[in-house]
Structures are given as C-alpha cells and as structure tokens.
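Have a look at the structure below before the remarks.
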Amino acid sequence: DPALFASGEKVFKKCKACHAVGEGAKNKSGPQLNGLFGRQMGSVEGFKYSKVFVAAHGEGRVWDEAALVEFLAKPRSYMKGTKMAFSGLKKEDDLAAITAYLKSFGE
Ligand code: HEM
C-alpha cells in the first residue's frame, strides 16, 4: 500500500536520529533496521545492546508485528531497562504505518 508506506516514511523521521534503514544502512546510536521481521531481537552485528536486549536475544525472541507494535507503543514498559530513549508512538495509525514501512525493507 503506497499510501501507508508514505505515512510510514514520515513517521520514521522520529526514528532517523538514531536508526538507519535501507541499502547500506549502518548502525547509529541505534541498530540498523533492515530485515527486522523474523530477525532475532538484539542480533545486529557490531551493535552494543543493553542487558535487557542481550537477555531477549539469549531467550531466542524474534521480532514480529505484535512485538514491534507493543515495543514502539511503550518502549520502556515492553523492554524494561532498554537504552532506547524514545517515549513511544501514541497513534495506532502511526504504529500501522511504521510497521508497513519497516516491512518493506525485508522480512
Ligand atoms: C532499538 C525501532 C526510535 C535508539 C530498537 C529496536 C527497534 C527499534 C526495532 C530493536 C532492534 C533490535 O532488536 O535489533 C525504532 C523505531 C523508532 C525508534 C521504529 C521510531 C519510531 C529511536 C530513537 C532512538 C532509538 C528516537 C534514540 C533516541 C535505540 C537504541 C536501541 C534501539 C539505543 C537499542 C536498545 C537497547 O539496547 O536497549 N529501536 N526505534 N530508537 N533504538 Fe530504536
């Protein structure tokens, strides 16, 4: 859905200071977000995650749509101790749009 992609691109402006996605995306203060869906939590090479993400990785947890929506709605409740300093996305529309946008960079 091109309209959803376009609104997702706008929502991603809130993430861009810390995250890159797309061809050649590198880690910034947050990990690069290519191929996020189906990716193990805390698994980006060369990124230094907080303990809670290292633990999630150890438990074999994987990003899917439900997990991402819950995390982005309330990052610090979903991942207690995360160093992601982001208050969260309040609007359901924004959550749907960012999910569609990130999905377009691989599953
Ligand atoms: C982690 C998405 C905003 C900094 C993550 C992860 C995702 C994500 C999916 C986990 C990645 C993984 O397991 O490899 C997003 C999205 C954002 C956003 C979609 C916007 C809506 C931000 C902002 C910052 C930030 C604004 C910086 C102020 C980080 C950091 C981590 C992280 C430092 C690692 C967390 C840890 O190790 O505890 N983000 N993020 N993010 N993000 Fe974000």
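The values are calculated or read from the model by the stated rules, or taken from the named source; none is laboratory data. If you're wondering where the values come from, they're calculated on a predicted model, not measured in any experiment. Backbone-built Cβ (ideal geometry, glycine too); neighbour counts: all protein chains shown. We work out accessible area using only protein heavy atoms, side chains counted, and drop any ligands, DNA or RNA first. Shrake-Rupley method; radii C 1.70, N 1.55, O 1.52, S 1.80 Å.
Note on the chain: semi-axes of the ellipsoid equivalent to its C-alpha gyration tensor, largest first and rounded to whole Å, are 21, 15, 13. Charging the Cβ of each Asp and Glu at -1 and of each Lys and Arg at +1, and nothing else, the dipole of the chain about its Cα centre rounds to 660 debye. For Val62, list long-range residues whose amide hydrogen, built 1.01 Å from N in the peptide plane, is under 5 Å from its own amide hydrogen. Here Met41 satisfy the definition. The trypsin sites (Lys or Arg not before Pro) found in the stretch 22-107 that occupy coil by DSSP, while having at most 15 further C-beta atoms within 10 Å, are Lys26, Lys28, Lys48, Arg61, Lys80, Lys83, Lys90, Lys91.
Among the listed pairs Lys26/Lys48; Lys13/Lys51; Lys13/Lys90, those whose Cα-Cα separation exceeds 25 Å are Lys13/Lys51. Probe of 1.4 angstrom, ligands and nucleic acids ignored: what's the accessible area per residue over the chain, in square angstrom? In whole numbers, the chain has 60 Å² accessible per residue. For the chain, the 222 nm mean residue ellipticity estimated from helices alone, with every DSSP H stretch of n ≥ 4 adding -39500 (n - 2.57) and the total spread over all residues, rounds to -11000 deg cm²/dmol. For the chain, the membrane-span-like helices by this rule, meaning whole DSSP H stretches whose C-alpha atoms cover at least 15 Å of axis and whose Kyte-Doolittle mean is -1.0 or above, are 92-103; this says nothing about an actual membrane. When only alpha carbons are used to place a centre, the stretch 34-91 and the stretch 1-20 end up 18 Å from one another. Multiplying the residue separation of Lys13 and Lys91 by 0.36 nm and subtracting their alpha-carbon distance yields 26.6 nm.
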